[in-house]
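K.L.:
Pasting in a structure now, in structure tokens, and then I'll have a few things to ask.
The values are calculated or read from the model by the stated rules, or taken from the named source; none is laboratory data. Not measured: the values here are computed from a predicted model. With ideal geometry, Cβ positions are generated from the backbone for all residues, glycine too; neighbour counts draw on all protein chains shown. In case anyone asks, the SASA skips ligands and DNA or RNA and just uses the protein heavy atoms, side chains included. Shrake-Rupley method; radii C 1.70, N 1.55, O 1.52, S 1.80 Å.
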Amino acid sequence: MKLLVIGATGGTGREVVRQALDKNYQVNALTRSAAEAAPLLPGANIIEGDALDGGAVAKALAGCGGVISALGSKMALLDEETLLSAATHILIEEMQKEGITRLVCVTGIGAGDSRGHGGFLYDRIVQPLLLNSTYHDKDRQEDEIRASALDWTIIRPTTLTNGPATGSIRALTDLTDFHGGSIARADVADFLITEFEERRWVGKSPVITSEAPRD
């Protein structure tokens, strides 16, 4: 199967591309610069274009059976972030035109009803002071996905690390008494691809973590 990865040059996106190729997927990667992406994504079919350009997205979707979106954004302290929701709106429109229904999307802990479960430092300082605009846009992004007719899964990782995969991943939607945690990007990528294939969480938004929650 051919798979489109959005946000392929980010830390999580690169892991998704690498692991998908290892599982014998054909991978399309939509990136703004093919020259910069090529050394980062060996083996991927790189389509140069902007995620806000419907024509570029349509080209990247050609022949694909589904999409994994690991799209990120730069920290916006002064300006209101809109990239994630705007790009997701365009992606959904183009997927529907092409009759492609499967979407697995990464947002993050702190989005939607997971807000307030990132741990004391994250909830009181990091998210409200540094990531407030980004997370408002993640909320809008999730709303776009939920309002669609796609077979969607939203994945909310806890704090991301660059360590090796542990193979120990917990997924949960009941966040009662859950606060904090961390997970390696390699584990996130593994969960994304597994969920894309197995569809255990369609229509749901699990938090994933590999570390025992902290109070």
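K.L.:
GLY43 is checked against (1) modelled with pLDDT under 95; (2) over 16 Å from the mean Cα position of the chain (by Cα) and fails just one. What number does that condition carry?
P.N.:
Going through the list (1) modelled with pLDDT under 95; (2) over 16 Å from the mean Cα position of the chain (by Cα), GLY43 breaks only (1).
K.L.:
Which of the residues spanning region 109-125 are touching a strand residue (DSSP E or B) at 6+ places or on another chain (Cβ under 9 Å) and on the phi < 0 side of the Ramachandran plot?
P.N.:
ILE109, ALA111, SER114, HIS117, GLY118, TYR122
K.L.:
Separate question: Looking at (1) open to solvent by less than 60 Å² (accessible area, probe 1.4 Å); (2) over 20 Å from VAL5 (Cα atoms), which is the only condition GLU142 fails?
P.N.:
Status for GLU142: all satisfied but (2).
K.L.:
Scan region 54-66 residue by residue and report those that are within 19 Å of the chain's Cα centre (by Cα) and either surrounded by fewer than 16 Cβ atoms within 10 Å (Cβ to Cβ) or farther than 12 Å from LEU30 by Cα (or both).
P.N.:
The answer is CYS64, GLY65, GLY66.
K.L.:
State all residues of region 157-181 that are within 17 Å of GLY112 (Cβ to Cβ) and either open to solvent by 90 Å² or more (accessible area, probe 1.4 Å) or without any contact (Cβ under 8 Å) to a residue 24 or more places away in the chain (or both); if no residue qualifies, say none.
P.N.:
ASP174, THR176 - these are the residues of region 157-181 that are within 17 Å of GLY112 (Cβ to Cβ) and either open to solvent by 90 Å² or more (accessible area, probe 1.4 Å) or without any contact (Cβ under 8 Å) to a residue 24 or more places away in the chain (or both).
K.L.:
Would you please name the residue that is surrounded by the most Cβ atoms within 10 Å (Cβ to Cβ), looking only at residues in region 182-203 that are of a type in the set (D, E, K, R) and closer than 13 Å to GLU15 by Cα?
P.N.:
ASP187
K.L.:
So, one more: If I filter region 36-54 for residues that are touching a residue at least 40 places away in the same chain (Cβ under 8 Å), among the small types (Gly, Ala, Ser), farther than 28 Å from TYR135 by Cα and part of a loop (DSSP other than H, G, I, E, B), do I get at least one hit?
P.N.:
Checked against the condition, which is being touching a residue at least 40 places away in the same chain (Cβ under 8 Å), among the small types (Gly, Ala, Ser), farther than 28 Å from TYR135 by Cα and part of a loop (DSSP other than H, G, I, E, B), region 36-54 yields no hits at all.
K.L.:
Looking at (1) of a type outside the set (A, V, I, L, M, F, W, C); (2) within 26 Å of LEU91 (Cα to Cα); (3) open to solvent by less than 50 Å² (accessible area, probe 1.4 Å); (4) free of Cβ contacts under 8 Å to residues at least 24 places away in the same chain, which one does PRO206 not meet, given that it meets all the others?
P.N.:
Just one mismatch for PRO206, condition (4).
K.L.:
A further question on this structure: Is there a residue in region 102-115 that is of a type in the set (A, V, I, L, M, F, W, C) and more than 20 Å from GLY13 (Cα to Cα)?
P.N.:
Scanning region 102-115, I find no residue that is of a type in the set (A, V, I, L, M, F, W, C) and more than 20 Å from GLY13 (Cα to Cα), so the answer is no.
Residue-by-condition table, conditions (1) modelled with pLDDT of 85 or more; (2) in a helix (DSSP H, G or I):
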site: GLY110; (1), (2): yes, no
site: ASP113; (1), (2): yes, yes
site: HIS117; (1), (2): no, no
site: LEU121; (1), (2): no, yes
site: GLN127; (1), (2): no, yes
site: ASP137; (1), (2): yes, yes
site: ARG140; (1), (2): yes, yes
site: ILE145; (1), (2): yes, yes
site: THR153; (1), (2): yes, no
